[in-house]
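Notes follow once the structure below has been shown.
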Amino acid sequence: MSAKNQPPNPEPVSAQDAPKLALEVMHRAKFPMLATVDSSEGQPHLRPVSPVLTDGFIVYIANLRAYGKTNQIALNPKVELCYLDEAHDQVRITGVAEILADPDLLETIWRDNPLLRRYLGQSDNPSLIIYKVRPTRIRFMREWALHYHDIPLPKA
């Protein structure tokens with residue numbers, strides 16, 4: 001078999017190193033894809049999102065009430081985020097999207113995100129929703145290794 005027909009041979013990953021490597025992928029990739037499902041038809045929807053805060057494997061996403069994902073998440077809060085970096089390493093966070101209700105954290109997110117302030121004017125804008133994606137499963141895969149490493153869930 002010629003070299004170009006050989007399957008990728010990624011560096012091995014230990015279970016101990018996988019969480020750190022996964023966080024590095026998230027940092028490099030920055031903009032994950034968010035999958036939701038339209039409960040009425042069972043149709044999946046995928047789109048890039050720009051997290052407004054990442055705390056380990058907990059991801060916070062800003063949204064406007066008028067966006068399609070608002071109804072999709074209201075009907076079915078189960079979502080998945082997929083980060084893919086330039087080396088094709090990936091992190092998949094399966095979780096539940098919850099509307100963030102913590103006023104102190106909302107204020108911190110507002111203060112630290114000039115784009116939110118620019119487009120929405122004030123932190124209590126009724127159009128704004130911040131989703132907290134609470135992981136139920138986290139997986140890391142090195143470039144096309146075809147083997148996922150399960151990452152321990154963060155403590156609640």
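Laboratory data are not the source of any read-out in this text; all were calculated from the coordinates shown. Fair warning: this is a prediction, and the values are worked out from it, not measured in the lab. With ideal geometry, Cβ positions are generated from the backbone for all residues, glycine too; neighbour counts draw on all protein chains shown.
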Open item on the list: touching a Ser or Thr at 6+ places or on another chain (Cβ under 7 Å) and within 26 Å of Leu146 (Cβ to Cβ): which single residue out of Val91, Val79 fits that description?
Closed with: Val79
- [ ] Can you give me the number of residues within the range 11-49 that are farther than 30 Å from Thr70 by Cβ and either among the charged types (D, E, K, R) or exposed (fewer than 14 other Cβ atoms within 10 Å of the Cβ) (or both)?
- [x] 8
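Residues are listed down the side, and each one gets a yes or a no for (1) surrounded by fewer than 16 Cβ atoms within 10 Å (Cβ to Cβ); (2) in contact with a strand residue (DSSP E or B) (Cβ under 9 Å, 6 or more places away or on another chain):
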| site | (1), (2) |
| --- | --- |
| Asn9 | yes, no |
| Val52 | no, yes |
| Leu64 | yes, yes |
| Cys82 | no, yes |
| Glu86 | yes, no |
| Val96 | yes, yes |
| Glu107 | yes, no |
TODO: Kindly check whether there is at least one residue in the range 77-84 that is in contact with an Asp or Glu (Cβ under 9 Å, 6 or more places away or on another chain) and closer than 22 Å to Val25 by Cβ.
DONE: yes
- [ ] Please specify each residue of the range 66-80 satisfying the condition of being in contact (Cβ under 8 Å) with a residue 24 or more places away in the chain and either surrounded by fewer than 13 Cβ atoms within 10 Å (Cβ to Cβ) or in contact with a Cys (Cβ under 6 Å, 6 or more places away or on another chain) (or both).
- [x] Ala66, Leu75
Open item on the list: Can you pull out every residue in the range 30-42 that is in contact with a helix residue (DSSP H, G or I) (Cβ under 9 Å, 6 or more places away or on another chain) and part of a strand (DSSP E or B)?
Closed with: Leu34, Thr36, Val37, Asp38
Open item on the list: Among the listed residues Pro154, Pro126, identify the single one that is under 30 Å from Pro10 (Cα atoms) and touching a residue at least 60 places away in the same chain (Cβ under 8 Å).
Closed with: Pro154
Task: Scope the range 5-27; condition part of a helix (DSSP H, G or I) and over 19 Å from Pro135 (Cβ atoms); matching residues - done: Asn5
